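Undergrad: Before I ask anything, let me first share the structure, which is written out below as structure tokens.
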Amino acid sequence: MSELFDFGQQILASQPFSALLGTELTTFEPGKAVLSLTVRDELKQQHGFVHGGVLSYLADNALTYAGGSMLGDSVTSEYKINYLRPAIGDRLIATATVISSGKTQAVCQCIISVIGEQGERHVAVAQGTITKATPKA
């Protein structure tokens, strides 16, 4: 494992909400991050597919990981998500990449897929701006 990946694991472990959802970091390298989680009934809405808030969380976190891989400690400034189809399956995979990065911000894209009986299908796409965190005065 790389030093960057180990650092990413520490960050994820320090996020109580991520721990509650069971999020796993599977890739963390310069310009790319992949997060995944197992779909369970508690994460679904009344129609039986994964709640949009879970997909949104996963996109937000993956975008920030990708941007942070270039900027260091970072936060999300903004992001937009498009839901493509219901997330029905067993596992969610969020793959985020950096499109452009400067000294203080990065623009990143994330594709969320679900793995299930029909194979792997894209269920959402997001784009966001990630900003380098500034130390507290």
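Each reported figure results from applying straightforward, stated rules to the coordinates on display, with no laboratory input. Just so you know, these numbers come straight off a predicted model, no measurement behind them. All Cβ positions, glycine included, derive from the backbone under ideal geometry; neighbour counts span all protein chains shown.
Undergrad: For region 51-84 and region 10-32, compute the distance between their C-alpha centroids and round to whole Å.
TA: 12
Undergrad: Let me ask something else. Cut-off 10 angstrom, C-alpha nodes, Gaussian network model of the chain. Which of PHE28, PHE49, PHE17 fluctuates the most?
TA: PHE17
Undergrad: Helix 52-71 versus the longest principal axis of the chain: what is the Cα-based angle in degrees, 0 to 90, to the nearest 10?
TA: It works out to around 30 degrees.
Undergrad: Counting only trypsin sites (Lys or Arg not before Pro) that sit in a DSSP loop (anything but H, G, I, E, B) with at most 16 other Cβ atoms within 10 Å, what is the longest stretch of the chain containing none of them?
TA: Between the exposed loop sites, the longest stretch runs 41-102.
Undergrad: Return the FRET efficiency for the residue pair PHE17, ILE99: r is the Cβ-Cβ distance, R0 is 35 Å, and the value is rounded to the nearest 0.05.
TA: 0.85
Undergrad: Could I ask something else about it? Multiplying the sequence separation of LYS136 and ASP41 by 0.36 nm and subtracting their Cα-Cα distance, what value in nm do you get? Walk me through the numbers on the way to the answer.
TA: Numbers: separation 95, 0.36 × 95 = 34.20 nm, distance 3.97 nm.
Residue separation times 0.36 nm, minus the Cα-Cα distance, leaves 30.2 nm.
Undergrad: Another question about this same structure. Specify the residue with the greatest mean-square fluctuation among LEU63, LEU37, LEU20, computed from a Gaussian network of the chain linking alpha-carbon atoms under 10 Å apart.
TA: Maximum among the listed residues: LEU20.
Undergrad: Turning to a different aspect of this structure: Place a label point 7 angstrom from the Cα of PHE7 along the Cα-to-Cβ direction, then list the residues of region 69-101 whose backbone nitrogen is under 14 Å away.
TA: 69-75
Undergrad: So which residue, out of SER36, SER113, SER18, gets the largest mean-square fluctuation from a GNM of the chain using Cα contacts under 10 Å as springs?
TA: Sorting by GNM fluctuation, first place goes to SER18.
Undergrad: Rounded to the nearest 500 deg cm²/dmol, what is the calculated helix-only ellipticity per residue at 222 nm for the chain, with -39500 (n - 2.57) per DSSP H run of length n ≥ 4? Please report the intermediate quantities before stating the final value.
TA: Working: 3 runs with 37 residues, N = 137.
Taken over the chain, the calculation gives -8500 deg cm²/dmol.
Undergrad: Oh, and also: How many percent of all Cα-Cα pairs in the chain sit more than 21 Å apart? Could the numbers behind the result be given before it?
TA: Numbers: 3525 of 9316 pairs.
Within the chain, distances greater than 21 Å cover 38 percent of Cα pairs.
Undergrad: If you don't mind, another one. If we count other beta carbons within 10 Å of each Cβ, what is the order of THR38, THR134, fewest first?
TA: Values: THR38 12, THR134 9.
So the residues, fewest neighbours to most, are THR134, THR38.
Undergrad: For helix 3-13, what angle does its Cα long axis make with the longest principal axis of the chain, in degrees from 0 to 90 and rounded to 10?
TA: Helix 3-13 and the main axis of the chain meet at about 60 degrees.
Undergrad: From the P(r) of region 1-59, could you give the percentage of C-alpha pairs in the tail past 14 Å? Write down the numbers at each step before the final one.
TA: Numbers: 1002 of 1711 pairs.
Pairs farther apart than 14 Å: 59 percent.
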